[in-house]
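Engineer: Below are the structure tokens for one structure; questions will follow.
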Amino acid sequence: MQHAQERKSRNKRASNLIPVDGPLRVAVDAFFIIFGAFVMSIAFNLFLVPNLIASGGVSGISILGQAAFGFEPAFTQWALNIPLFIAGYSILGRQYAIRSLLGSVMLPLFVYLTKDWTVPTSNPLLASIFGGIGVGLGIGIVYRGRGSTGGLTILAQIIQKYSGLRLSLSVMLLDGAVIVIAGMLLSLENSLYALISLYVTGKVIDAVEMGFGTSKVAYIISNFTEPIKQAILHDLDRGVTKLSAQGGYTDDERTVLMVVVGQSEIARLKTLVRSVDPNAFVTITNAHEVLGEGFKKTF
């Protein structure tokens, strides 16, 4: 009877999750891709374009095209994204190309639609920081939708496929080339601001993809693991995982308790452990994102 209730409870929880490849999941992914592209376009037009900060990618190339030849950035992005999309479709496969198509089309469209929005600052340092934040936020949202905005990321994956270079290194080389060209066409100062923006973008993408570290993972080593486990289960109302370990000095077999808690529960956890075993060894680290019962419900 108990097992049947547990299965019913698990099935009920599973029904609340968005299917990995169902119609609702596709719609949610499309929303994330479109919204992320919109956020990127705002950061691009409000901060990067007016201050000529070409921080890599097709967007950076479009800024250089406008500065050197007066080309409309949105048209440059479309002109570059189309052949890159075709190459990605031919070389990387249909599945990847489909997930790049929506972002590749929508980003230049939003760039064109928001090109006349009021610019909030002419300070290049502020523009590089907030432009990087906005672009990173937008890209992170697009990645959450399992999509891509195409551009030089497609070229980087093609390079990775045929050269064996890591994707991160391929992206860095391509973005670096754009920044070097910006230094030659514009000024060294502009390229330095572009580096700042690129660094901020990377950090924000990581934060959006991995979460903001509001949960913690605690590893507890003690000679009183059973009473500590019971205290966590009943007093803290959190699940506990028992890990088998071996002492490095004594080679003794022992149990390590692992528990995931919210930021506000750290003090209670430490108090509980200390009340059972004042000599317990406790390590607490950040958990960037936690999915499952008691935390986020969607994957």
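Engineer: Could you please find all residues in the range 75-124 being over 26 Å from residue 162 (Cβ atoms), open to solvent by 80 Å² or more (accessible area, probe 1.4 Å) and touching a helix residue (DSSP H, G or I) at 6+ places or on another chain (Cβ under 7 Å)?
Structural biologist: Listed by number, the residues that qualify are 112, 117, 120.
Engineer: Further question: Exactly one condition in (1) of a type in the set (D, E, K, R); (2) at pLDDT below 90; (3) out of contact with any helix residue (DSSP H, G or I) (no Cβ under 7 Å at 6 or more places or on another chain) is false for residue 209; which is it?
Structural biologist: Residue 209 satisfies every listed condition except (3).
Engineer: Which residue is nearest to residue 206 (Cα to Cα), if the candidates are limited to the range 238-255 and must be surrounded by fewer than 17 Cβ atoms within 10 Å (Cβ to Cβ) and β-branched (Val, Ile, Thr)?
Structural biologist: Per the criteria, the residue is 241.
Engineer: Please verify whether the range 55-71 includes one or more residues that are at pLDDT below 95, in contact with a Lys or Arg (Cβ under 9 Å, 6 or more places away or on another chain), outside any helix (DSSP H, G or I) and open to solvent by less than 60 Å² (accessible area, probe 1.4 Å).
Structural biologist: no
Engineer: Which of (1) of a type outside the set (Phe, Trp, Tyr); (2) modelled with pLDDT of 90 or more; (3) loosely packed, with under 13 Cβ neighbours inside 10 Å does residue 264 not meet, given it meets every other one?
Structural biologist: (2)
Engineer: Specify which of the listed residues (216, 161) is among the charged types (D, E, K, R) and out of contact with any Gly (no Cβ under 8 Å at 6 or more places or on another chain).
Structural biologist: 161
Engineer: Okay, moving on. If the Cβ limit is 7 Å and pairs must be 6+ apart or interchain, which residue in the range 215-237 that is open to solvent by 30 Å² or more (accessible area, probe 1.4 Å) pairs with which residue that is in a helix (DSSP H, G or I)?
Structural biologist: 216/263; 216/266; 224/276; 227/276; 235/272
Engineer: Restricted to the range 125-144, and to residues that are surrounded by fewer than 19 Cβ atoms within 10 Å (Cβ to Cβ) and not β-branched (Val, Ile, Thr), which residue is farthest from residue 193 (Cα to Cα)?
Structural biologist: It comes out as 144.
Engineer: Need the failing condition index for residue 94 against (1) in contact (Cβ under 8 Å) with a residue 40 or more places away in the chain; (2) farther than 22 Å from residue 195 by Cα, just the number.
Structural biologist: In the conditions (1) in contact (Cβ under 8 Å) with a residue 40 or more places away in the chain; (2) farther than 22 Å from residue 195 by Cα, residue 94 misses (1) alone.
Engineer: For the range 258-287, give me each residue that is in contact with a helix residue (DSSP H, G or I) (Cβ under 7 Å, 6 or more places away or on another chain) and either farther than 13 Å from residue 231 by Cα or not acidic (Asp, Glu) (or both).
Structural biologist: Those that are in contact with a helix residue (DSSP H, G or I) (Cβ under 7 Å, 6 or more places away or on another chain) and either farther than 13 Å from residue 231 by Cα or not acidic (Asp, Glu) (or both): 259, 261, 265, 268, 269, 272, 273, 276, 280, 282, 284.
The values are calculated or read from the model by the stated rules, or taken from the named source; none is laboratory data. Please read these numbers as outputs of a predicted model, since none were measured by experiment. Counting neighbours? That spans all protein chains shown, and the Cβs are built from the backbone with ideal geometry, glycine included. Just the protein is used for accessible areas: all its heavy atoms, side chains included, with ligands, DNA and RNA removed. Shrake-Rupley method; radii C 1.70, N 1.55, O 1.52, S 1.80 Å.
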